[in-house]
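The values are calculated or read from the model by the stated rules, or taken from the named source; none is laboratory data. What you see is a predicted model, and the numbers here were worked out from it, not measured in a lab. Heads up, the Cβs are rebuilt from the backbone with ideal geometry, glycines too, and the neighbour counts pull from every protein chain shown.
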Amino acid sequence: MKNIYDLGYLEIKKLEKLVSLVRTLDTVLVDVRFSPNSRNPQYRQDALKKTLGERYFHVKSLGNKNFKGGPIEFLDLQGGLDTLAHLLQEKNVIVLCACWSRERCHRLVIANAFEKEYGVTSIPLTSELVDEIIGATKPTLSNDTQLSLF
């Protein structure tokens, strides 16, 4: 099995950093937002699909039905964990949500459940760690740029 990471995109803000991170770590991006929309147009599902292509997956089963408030409730936690495990057979995975604070985000619940089920610990990505990983790499994106899966 490969590595699993988790990240709240509000931690890094700029799509260029996310693209560079996906390239550097050779990952697929698994969007676990219940509703993959954003006030930032770069982080809307259609923009992420266009930019990342086959490296982007929305796994709604890992979305928090109560993302607007209330206790964390998944559509299908076990099914979503199984999807992550399947993806990890081939590629490293970044689990993406919007939340700034991992401790208050459902991605921590996902990380803990995945570790319990599969014995693989998720590596939390902070802005500092992202900067360290990508170093000085700054990809240039055009509107029709798409990352290849391999």
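Just one residue in the set Arg55, Arg44, Arg39, Arg33 is basic (Lys, Arg) and in contact with a Gly (Cβ under 9 Å, 6 or more places away or on another chain); that residue is Arg33. Restricted to the range 60-104, and to residues there that are of a type in the set (D, E, K, R) and within 17 Å of Ser38 (Cβ to Cβ), the residue that is surrounded by the fewest Cβ atoms within 10 Å (Cβ to Cβ) is Lys68.
When you go through Asp31, Asp6 one by one, which is the residue that is in contact with a His (Cβ under 8 Å, 6 or more places away or on another chain), under 24 Å from Thr121 (Cβ atoms) and touching a residue at least 60 places away in the same chain (Cβ under 8 Å)? Going through Asp31, Asp6 in turn, the sole match is Asp31. Restricting the first member to the range 43-63 and to residues that are more than 16 Å from Val93 (Cα to Cα), and the second to residues that are buried (at least 17 other Cβ atoms within 10 Å of the Cβ) and modelled with pLDDT under 95, the beta-carbon pairs closer than 6 Å and six or more apart or on different chains are Tyr43/Tyr9.
Looking at the structure I just gave you, is Thr24 in a helix (DSSP H, G or I) and touching a Leu at 6+ places or on another chain (Cβ under 7 Å)? For Thr24, the condition - in a helix (DSSP H, G or I) and touching a Leu at 6+ places or on another chain (Cβ under 7 Å) - is not met. Asn143 meets all of the listed conditions (1) modelled with pLDDT under 95; (2) touching a helix residue (DSSP H, G or I) at 6+ places or on another chain (Cβ under 6 Å) but one, namely (2).
Scanning for something assigned to a helix (DSSP H, G or I), in contact with a Ser or Thr (Cβ under 9 Å, 6 or more places away or on another chain) and either over 19 Å from Phe57 (Cβ atoms) or modelled with pLDDT under 95 (or both), does the range 78-94 turn up at least one residue? Checking the range 78-94: not a single residue is assigned to a helix (DSSP H, G or I), in contact with a Ser or Thr (Cβ under 9 Å, 6 or more places away or on another chain) and either over 19 Å from Phe57 (Cβ atoms) or modelled with pLDDT under 95 (or both). Residues that are assigned to a loop (DSSP other than H, G, I, E, B), farther than 19 Å from Lys2 by Cβ, of a type in the set (A, V, I, L, M, F, W, C) and in contact with a strand residue (DSSP E or B) (Cβ under 8 Å, 6 or more places away or on another chain): does the range 100-112 have at least one? Looking through the range 100-112, at least one residue is assigned to a loop (DSSP other than H, G, I, E, B), farther than 19 Å from Lys2 by Cβ, of a type in the set (A, V, I, L, M, F, W, C) and in contact with a strand residue (DSSP E or B) (Cβ under 8 Å, 6 or more places away or on another chain).
Within the range 12-38, can you find the residues that are buried (at least 17 other Cβ atoms within 10 Å of the Cβ) and among the β-branched types (Val, Ile, Thr)? Across the range 12-38, the qualifying residues are Ile12, Val19, Val22, Thr27, Val28, Val30, Val32.
Please pick out the residue among Asp31, Asp6, Asp26 that is at pLDDT 95 or above, closer than 14 Å to Val130 by Cβ and not β-branched (Val, Ile, Thr).
On the way: Asp31 fails: closer than 14 Å to Val130 by Cβ; Asp26 fails: closer than 14 Å to Val130 by Cβ.
The match here is Asp6.
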